Structures are given as structure tokens and as C-alpha cells.
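Working notes, structure below.
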Amino acid sequence: MSGIELQQVSKIYPSGHQQVQALVDLTLSIDDGEFCVLAGPSGSGKTTLLNLIGCLDRATSGTIRLFGQDVATCSARQLADFRLQRIGFVFQSYNLIPVLSAEENVAFPLMLRGVGRDERRRRALELLTVLGLVGLEHRRPADLSGGQQQRVAVARALVGEPSVVLADEPTANLDTGNSVELLEMMHRLNRERGTTFIFSSHDPLVIKQAERVIELQDGRLKADNRRCSAHET
Amino acid sequence: MAGLWWELLVLAWKNLWRNRRRTLITLAAMSLTLMLIQVLNNLSMGSYRQMIQSGVRAGSGHLTLNAPGYREQQDIALAFDVTPFWACIEQQPEVQQALPRLYLPGLAQSGYDSRGILLQGIDMTREAGSNPFLKSLSCDHWLRPDVPEDALLGIQLADQLHLKAGNKFVVTLQNSRNELVSELFRVRGVLQTGLQDVDQSLVLVSLERAGLLAALPGKIHELAILLQEQQQVGAVYQQLHEALRDQPGIELLTWQQAMPNLYHAIQLDYASQNAILLIMLVIVVIGIANTLLMSVMERSHEFGLILALGARPFRLVELVVAEALVLGALAAVCGAVLGGLGTWYLWARGIDLRQFISEEIEYGGIVFEPVLRAVWDVPWMAQSALFLVVLSVMASVYPALRAARLTPVAAMRRR
Ligand SMILES: Nc1ncnc2c1ncn2[C@@H]1O[C@H](COP(=O)(O)OP(=O)(O)OP(=O)(O)O)[C@@H](O)[C@H]1O
Ligand SMILES: [Mg+2]
């Protein structure tokens, strides 16, 4: 079953007198449990596409269906609830709330959902353990390394057990070692929990790890390759 | 839901201290303003209380008994016999003193000059402990009950007439039957009240003597009733009004009715002061709004992130309002503590006005005590503190709406 379906999706940004065609007639579907990367040069529309899938922005034309629902028919409030319940985000950087500790950051989406304090703590600590952050749960983001911050962000994206995790260049601020480690972590969670992962990157090292590579150029689909399994061996 | 509000307040608290210096400066401005307005108010209340206190004692009392129409017409024939009401008035436990008086305009003549005067017939023993005009007088200058010609003069009047203690002078006036009558008096003492009007024209004699002179034996123009406490005026007025309702020929007034000049002077002063205090608060609110707006603008990236994580825009409104609430509550507590300390100092020690002004201070026909003291206007202090919290929340409305208008994508593109 395809959890995410895009049909003839275009996105036009007004930019001064001109308009920028960030996505052009994109048709694409991503199944539940896939682990795929959006590749392409800078300005090719990766962030734009992730924002549309994540209900952060609306398409100019075309239809986007998430889990069977046409996103265009939803109100802003419904989209907010959709993000809260079904989608997890990891952004490139500055992606944690500075006044909250690692644990509180991870638990933040649960707080928005109204989950009780003890339950939140339990689930946040569980994920921090899975992501190798035990002992760091009381540190604030400023006292964590870039790689640790990104792992906290991944934990936060996963804590609500969303159907899809969207990550925009999660490794852009990390060195190779940390990048590989983060990717392996995400891959493992993908296999263990069946969560769909979609992340963007232009780092060949990262792209190599993905099972499916969706390549964009100038807002169009350039290539869409599935590998049997890039990760085994 | 209560739990969520609590978490919002905790988050708001943390956010407030992100820019510690800015928050402290805003907090200091808010607290000091609250302290200032509380202290100023309490000090004014103290001075009003003092004005009323000496006003009612020198003037017509907390409550006044008159013949109907006497205040308006000032006709000396409008006198009444107080004996039937004495018992009723004096049995009220709140009544501290009741002072019977006659007021007779006339002319005083010495061998040297003559002057227009107000002859006041009083009961010396009752007045001595209550009337502030008699404060400067030692008891060996009091009017003697067995010497009917004794009189007390205002100091300027005595000067103008070249009179000293022991000298004789003649008072001429029109009595209640419209006959011109004269009487010899002897100066027993001289009064210095600090009020020009009084010092120039007052002559005090015994009530009996004044009554005989005016052909009003056993009658008075006014019974000035002093109460233990100012706050009792309303209640005692009700009781006496009820008790005296069926009595013809008398009228009961409160000090506000009997001394409208004093009352209006206080009201005007209170209103203009409140206007100034309000302006001070409004200026502080602008400061709060500025602080909150700056903090919202700085954090738009973070607000975008919170929206992206699935918060509804109204959550951001709640968060900003919660920050204003915490800031306002903190300032209310600090300001009230400071205001309490300031009030306590001015209550216990007072401001000695003699440091600043050598002469006595006269305002609205009242001489001020040289030491100004604050009173504890606790309900007003609580109200003003609460008002600060409300204003601070109101100041957050615009910044909060700015935050709610952010869209996640646009907000996160900033920085
Ligand atoms: N808010 C916007 N207003 C105007 N133009 C925009 C806006 N956002 C993106 N664009 C334009 O749309 C195009 C696609 O941008 P997008 O950010 O999706 O690219 P990207 O593939 O994520 O690039 P990068 O690898 O540099 O992050 C670019 O030409 C960009 O300039
Ligand atoms: Mg991008």
C-alpha cells in the first residue's frame, strides 16, 4: 500500500516579480516502511518536497494523499494535528528547543499531545537509550555535540511513533563518522519498527546507504532507483 | 488540562530567563513602578486621613446636627435645642465626643481699632481635648466656667486690635431678634492655628455667654459629632438618621455634606493622582510589550519548529501569554513587597515636612500635621498588583498574535 502519493504536484514560489518553479508536475509514490533518500543538487527542490509531504506547506497544484487523505482538503489545524500524530521531523540544524533538556526535547511532541509526565519520561528515556544517549538526558542542546543533537532530534521524531519520519539533510552538519552512525541508527529503526524514512542529502556516502534513491533536478524527477539492499554485507 | 497549563508556565519561566538581563530590567521597571504607585497612594491616603481628621475636629465633625437650612442660609435664628437628642447621640458607642456650638458674626472693638469677627460659643471642657485650634493653648489660658467674660482670640486679630491677655474689648452683634447688642469681654488667651482666616477673625467664648448675647439661651447652631474612627461615618449616620427621623427642626449631615469644599478638594486630588498613576502604568506596559515582542521576533525560528512539530498556532499564543503572566506575577510580588516596605517605613517613621518647609502648611482650609504618615490601604495594594498582572497580559496580546501568524516554513527559513 502506498502511504504517500503525489500526483502532478507543482510548487511555485512568488519571488519578487518572477516566480520560482520549485517542483514541476511531480508524480511519485512511497510505500509504508520504505527507506529512501531524496538526492539532487542544491536548489533542485528537495526541501520543498519534504515540506509538502510533511504538511508544512501546500502545493500550488496537483494532489497529495497521505494515508488515503487528500491534504488539500484539510484545515491548518487539521494539518497541525496530522503532523503531531503521524509525522516526525528532523531538520538540518538548530532543531532543538534550547531551554529544554535532551529528555524534555524528546518528550515535547508527547507534551503537545497531552501525555502525562511519567509516561513521557519513560518513552523519552527508552528512545535515548536506543540512540546511545544514556547519561546525557539532562543536558541542554548547547551542551551536546552536533551529532548528539541530531540523535536527540531523531529520538524526538520517533517518540510519537509516527508513520513517517522526514529528515532534511540530517547529516549536513556532521562529520563522516557521525553521519554513518546516524544513518545506521535510522536504518535499524526502519527495520525494527517499520517506520517510513524519507531524507534528503547530497552526500554520496549517505545516498549509498539508501534502498531507494529519488533524484530530483530543477524540480523534476530525474531518476528513481530501488536497490535490493544497499545495506547488507 | 490543568497539567498542560502548568507545563506551559514552567516553559514560560524558562524562556523568560533566556535573556536574563532584559528580563531583569523589565522586571525592575515594573516592580519599582508598582512600588511607587503603592507608596504614593498610601501616602496620599494618609494625608487625606489627616486632612479629614483635623478638618472634622476644627470644623463640623464627622457628623453634624443642624437646624434645617442653617448651612445654606447662615441665619443665626436657625438654632435648635439639643437636650432632647443628647442621650440618643451619646449612647452610640462609636461617638467619641459631641461638641455644641454657636456661630455669631459681629464686630470687635478695642481702644485701638475694630475688626469683623466670628464669635464662636463653645463648651470648653469638651473642645479642649478635640479641637486642634486649641492645641497651642496651655490649660491655664482656657475659658473658665465661672468667668463668663473670658474670651480667646486669633493671634492676628489680637495683634490688629493691640490686645494682650487681660485686656478688655467689646463685641457688637445683631441678635436673633435683630436687635444690636454689645458685650464686654476680657482676653484670656491667644490662639495660633496657622490658618489665616481663623487667626484673623476667631473669637471663642463660652456657649452660655454667646447664647445669652444672641438671645438664643439653651440653643445651638451646630452639634459636631466626632467618631472613634473615620470608617464608622456611614454606619453611624444610618443609625442616627434612623433614630432621629421623627424629630422636627433638626437635620443630620455627614462631613462630606457639611464640608463640601474639603470633600471636593480630596476627591479632586485623588482623581488627578490616579490619572498620573495610570499613566505610569501605561508607560510600563509599553515596556512590557516591547520586551515580549523582541523575544517573540528573536525566536521565530523556534516557534516555526514548534509549529512543525505539530503544535496548533494557538499554543504559541498561550505560550507568549503565559510568559507575560509569569513576568507580571513576578513583578506584582516584587513590587508589592517593595511597596509594603516603603509603606511600612512611611507608616512607622513618616516624612517630616519641617525639613523642607519652615511654615505650617495649609490646604483646603486645613492645617497639616508636620509629619506626613502613610496608611495601609491593603485592598488598593492588592488591586494595583493584580492590575499590573492584567496589564502585562494585555501587553502580550499583540506579540502573541504575531507569533500565531507565523507559518512554519517561513519562520524556519529565518536565521
Ligand atoms: N520560500 C521561498 N521563496 C522563494 N523561492 C524559494 C523558496 N523556497 C525555495 N525556493 C526556491 O525553490 C527552489 C527549490 O528550493 P529547495 O529549498 O527546495 O531546494 P533544495 O533542493 O532543498 O536545495 P538545497 O540542497 O540547497 O537545500 C530553489 O530555486 C529555491 O531558490
Ligand atoms: Mg534544502
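The values are calculated or read from the model by the stated rules, or taken from the named source; none is laboratory data. Just so it is clear, the structure is predicted and the values come from calculations on it, not from any experiment. Please note: Cβ atoms are built from the backbone with ideal geometry, for glycine as well, and neighbour counts cover all protein chains shown. Heavy atoms of the whole protein, side chains included, go into the accessibility calculation; ligands, DNA and RNA do not. Shrake-Rupley method; radii C 1.70, N 1.55, O 1.52, S 1.80 Å.
Assorted remarks:
- Residue match in region A:165-183 (condition: more than 16 Å from ligand 1 (Cβ to nearest atom) and within 14 Å of chain B (Cβ to nearest Cβ)): yes
- Total residues in region A:57-81, condition open to solvent by 20 Å² or more (accessible area, probe 1.4 Å) and at the interface with another protein chain (Cβ under 8 Å from one of its Cβ atoms): 4
- A:A22 satisfies every condition listed in (1) in contact (Cβ under 8 Å) with a residue 24 or more places away in the chain; (2) within 16 Å of ligand 1 (Cβ to nearest atom); (3) more than 12 Å from every other protein chain (Cβ to nearest Cβ) except (3).
- Residues in region B:386-415 that are of a type in the set (V, I, T) and either at the interface with another protein chain (Cβ under 10 Å from one of its Cβ atoms) or over 45 Å from the mean Cα position of the chain (by Cα) (or both): 2 in all.
- Of all the residues in region B:167-189, those that are surrounded by 18 or more Cβ atoms within 10 Å (Cβ to Cβ) and either under 18 Å from B:L137 (Cα atoms) or among the β-branched types (V, I, T) (or both) number 4.
The rows are residues; the columns are (1) in a helix (DSSP H, G or I); (2) modelled with pLDDT of 90 or more; (3) within 30 Å of B:L195 (Cβ to Cβ); (4) open to solvent by 30 Å² or more (accessible area, probe 1.4 Å).
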| residue | (1), (2), (3), (4) |
| --- | --- |
| B:L8 | yes, no, no, no |
| B:A12 | yes, yes, no, no |
| B:R22 | yes, yes, no, yes |
| B:A29 | yes, yes, no, yes |
| B:L34 | yes, yes, no, no |
| B:S47 | yes, no, yes, no |
| B:I52 | yes, no, yes, no |
| B:V56 | yes, no, yes, no |
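- Filtered residue count, region A:184-205, keeping only those that are more than 16 Å from ligand 1 (Cβ to nearest atom), assigned to a loop (DSSP other than H, G, I, E, B) and either more than 14 Å from the chain's Cα centre (by Cα) or without any contact (Cβ under 8 Å) to a residue 40 or more places away in the chain (or both): 1
- Within region B:99-125, tally of residues that are over 22 Å from B:Q74 (Cβ atoms) and within 30 Å of the chain's Cα centre (by Cα): 2
- In the set B:Q196, B:Q239, B:Q230, B:Q192, only one residue is in contact (Cβ under 8 Å) with a residue 12 or more places away in the chain, in contact with a helix residue (DSSP H, G or I) (Cβ under 7 Å, 6 or more places away or on another chain) and open to solvent by 60 Å² or more (accessible area, probe 1.4 Å); that residue is B:Q192.
- For region B:143-166, taking the residues that are closer than 8 Å to B:R188 by Cβ and modelled with pLDDT of 90 or more, the one that is surrounded by the fewest Cβ atoms within 10 Å (Cβ to Cβ) is identified as B:D150.
- Selection count, region A:83-93, where residues are modelled with pLDDT of 90 or more and surrounded by 16 or more Cβ atoms within 10 Å (Cβ to Cβ): 7
- Sole residue being under 25 Å from B:L309 (Cβ atoms) and surrounded by 14 or more Cβ atoms within 10 Å (Cβ to Cβ), chosen from A:E161, A:E181: A:E181
- Conditions (1) in contact (Cβ under 8 Å) with a residue 12 or more places away in the chain; (2) within 8 Å of ligand 1 (Cβ to nearest atom); (3) within 14 Å of another protein chain (Cβ to nearest Cβ); number of the one not met by A:S42: (3)
- Enumeration of residues in region A:190-208 that are more than 14 Å from ligand 2 (Cβ to nearest atom) and of a type in the set (F, W, Y): A:F197
- Hey, A:V152 at pLDDT 85 or above and either in a helix (DSSP H, G or I) or within 20 Å of A:Q92 (Cβ to Cβ) (or both) or not: yes
- Looking only at region B:202-227, residues that are open to solvent by less than 40 Å² (accessible area, probe 1.4 Å) and within 20 Å of B:E149 (Cβ to Cβ) come to 12 in all.
- Selected residue [away from chain B (no Cβ under 14 Å), among the aromatic types (F, W, Y) and away from ligand 1 (no atom under 12 Å from the Cβ)] from A:F89, A:F35: A:F35
- Selection count, region B:16-55, where residues are under 15 Å from B:A329 (Cβ atoms) and either basic (K, R) or within 14 Å of chain A (Cβ to nearest Cβ) (or both): 3
- Residue within region B:258-269 that is at pLDDT 90 or above, assigned to a helix (DSSP H, G or I) and among the acidic types (D, E) present: yes
- The number of residues in region A:81-108 being in contact (Cβ under 8 Å) with a residue 24 or more places away in the chain and more than 16 Å from ligand 2 (Cβ to nearest atom) comes to 19.
- Residue tally, condition open to solvent by less than 70 Å² (accessible area, probe 1.4 Å) and closer than 24 Å to B:S295 by Cα, over region A:108-140: 4
- For region B:273-291, the condition holds for at least one residue, the condition being that it is in a helix (DSSP H, G or I) and touching a Pro at 6+ places or on another chain (Cβ under 8 Å).
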